[in-house]
1. Using only helices, what value at 222 nm comes out for the chain when you add -39,500 (n - 2.57) per DSSP H run of length 4 or more and divide by the total residues, to the nearest 500 deg cm²/dmol?
2. Among 119, 12, which comes first, then next, by fewest other beta-carbon atoms within 10 Å?
3. Based on the Cα gyration tensor of the chain, what are the three equivalent ellipsoid semi-axes, each the root of five times an eigenvalue, rounded to whole Å and given largest first?
4. With angles folded into 0 to 90 degrees, how steeply does helix 217-234 sit against the dominant principal axis of the chain? Use alpha carbons for both and round to 10.
5. I want to verify a result. In a Gaussian network model of the chain, Cα cutoff 10 Å, which of these has the top mean-square fluctuation: 182, 233, 59?
6. Angle between the Cα long axis of helix 149-177 and the longest principal axis of the chain, 0 to 90 degrees, nearest 10?
7. Using only the Cα atoms, what convex hull volume per residue in Å³ does the stretch 49-173 have?
8. Would you mind calculating the relative contact order of the stretch 62-145 from Cα pairs under 8 angstrom and at least 6 residues apart, reporting the percent as a whole number?
């Protein structure tokens, strides 16, 4: 995402808790700062993406970081957070004269590299207008409402994606166990109502058993837990979301929390006596 900002001509000052991850940006024209305060000094637009609310708290709200911001800065938080945490961040920054946008993204590493991420933005419309040129470097930003709205939209995205992951795994296992060519059956669904990025990308990963993390099961489960919490607050019975959440919880408890979300396939296989998707097939080599 930082590379896309640089390619678009923006001046970028970058910082990462693991300095080696930010170092390659220097060769592309970024200034790699040794501290977060130095990275944001005088900045009018600040983008932050962390693992969770505690990480955001530990970095963004350091006194020297907040003091280093330009007056009236817009902080674009691309982290997936509980909506209540996003609202709290917005209120704290507003009290200091700054603006906060909760802007979680969806589309994974490929979407980030290609600039095709879905960007769901909550916050003030004026702050969104100021940040929109930056956000367009990442993909397609949509302002969905006041603070917290971006996070709620992301929770909806996770409900849909989590359900789709389980459904794709079950369909692939059904193909396997009934003697259908798994990868060709998956390809046959392209363009139909069942087509999706989940089917194309994660379905392929399930077949080839590529579970190296793009998005971790543990962080996905964090979002599904937040969705369950929000549903409880407003009195909704989201049975499909809860089923998906229970599957991810079981996968995490089984030791797959550090795997990619495509490892949902492992939980579906476990529930079916260990029978494996694409067992005995080499279709992936013929595509």
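1. -14500 deg cm²/dmol
2. With the sparsest Cβ surroundings first, the list reads 12, 119.
3. 37, 21, 16
4. Helix 217-234 sits roughly 80 degrees off the main axis of the chain.
5. Most flexible of the set in this elastic network: 233.
6. With both axes taken from Cα atoms, the answer is about 20 degrees.
7. Cα-based convex hull of the stretch 49-173, divided per residue, equals 110 Å³.
8. Once normalised by length, the contact order is 26 percent.
Only the coordinates and a few stated rules stand behind these numbers; no lab work does. In this text, all values refer to a predicted model and were calculated from it rather than measured experimentally. Note that each Cβ is placed from the backbone with ideal geometry, even for glycine, and that neighbours are counted across all protein chains shown.
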